[in-house]
1. Could you tell me which of the residues R147, R177 is touching a residue at least 24 places away in the same chain (Cβ under 8 Å) and basic (K, R)?
2. Of the conditions (1) in contact with a Cys (Cβ under 9 Å, 6 or more places away or on another chain); (2) farther than 22 Å from G113 by Cβ, F180 clears all except one; give me its number.
3. From the list L108, L78, which one is surrounded by 14 or more Cβ atoms within 10 Å (Cβ to Cβ) and under 23 Å from the mean Cα position of the chain (by Cα)?
4. Which of the residues belonging to region 120-132 are in contact (Cβ under 8 Å) with a residue 24 or more places away in the chain and within 18 Å of S155 (Cβ to Cβ)?
5. Residues that are surrounded by fewer than 17 Cβ atoms within 10 Å (Cβ to Cβ), among the aromatic types (F, W, Y) and at pLDDT below 95, at least 2 per element: which helices (runs of 4 or more DSSP H) completely within region 125-230 meet that?
Amino acid sequence: MNRTKIKKKVRQLRSNGKTYKEIQKKLNSRIPKSTLSNWCRGIDLPKNYFLKVKELNNRNLARGRQTSLLNRKKQQELFLKRKREEAEKAITKSSLSGLHLKLILATLYLGEGAKWKGHRGLMLGSSDPIIILLYIKLLSKCYGINRNQLKCRISYRADQDIEALEKYWSKTTGIHRENFYQTKPDPRTIGKKTLKSQYKGVCVITCKGTDIQLELEQLINTLAKKITGL
């Protein structure tokens, strides 16, 4: 097809409302868009053309956002993998002494546990199984407290099945259900649907040990003062 025929075909396609990209694809040609624009001067475009272009732009924008989101997610996964490998390497090289473990336990208790002025004895609650298992393991390593000495209760929402929740936390923690207190659902959640299907309530672990509670608080307070210089 000679240049004159190509130009005529281009103008015809353009008058039918084709975009320059669609024209290139139709003719299987890489004619520059600047050339196509020059050839198509003076052509009256169909009324629906600008609506079509708008829809195409919106589609491309949505596709671009999706691609950007996937790229960010991939970069984040790579970053987390690298940091996880660095953490594993650092922990493997280091030797955690009894004091280190107590400081970890004290820090954990500072964030999640009940404080001495409001509660006597050890009590810590979390909806995260890793936090709960770490706490149980540290109690065992640092103070020889075994699972049979631990009591457990579940704080849960009104539309949740407490039987299923107790089975889940008993299996997760290794604490026998005979050591679970009976509890009632949070009255503020009545009539409200639980949106997170993976939410298993808050597992609260308790046991005797006011002396340990005070020791942990003093450990973390002393460490905080040393670090901050207060």
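The values are calculated or read from the model by the stated rules, or taken from the named source; none is laboratory data. Because the structure is a prediction, the values reported are computed rather than measured. Backbone-built Cβ (ideal geometry, glycine too); neighbour counts: all protein chains shown.
1. Values: R177 fails: touching a residue at least 24 places away in the same chain (Cβ under 8 Å).
So the residue among R147, R177 that is touching a residue at least 24 places away in the same chain (Cβ under 8 Å) and basic (K, R) is R147.
2. (2)
3. Details: L78 fails: surrounded by 14 or more Cβ atoms within 10 Å (Cβ to Cβ).
Testing whether each residue is surrounded by 14 or more Cβ atoms within 10 Å (Cβ to Cβ) and under 23 Å from the mean Cα position of the chain (by Cα) leaves just L108.
4. Applying the first criterion (in contact (Cβ under 8 Å) with a residue 24 or more places away in the chain) to region 120-132 yields 120-127, 129, 132.
G121, L122, M123, L124, G125, S126, S127, P129, I132 - these are the residues of region 120-132 that are in contact (Cβ under 8 Å) with a residue 24 or more places away in the chain and within 18 Å of S155 (Cβ to Cβ).
5. Numbers: elements: 129-143, 162-173, 210-228.
So the answer is none; nothing clears 2.
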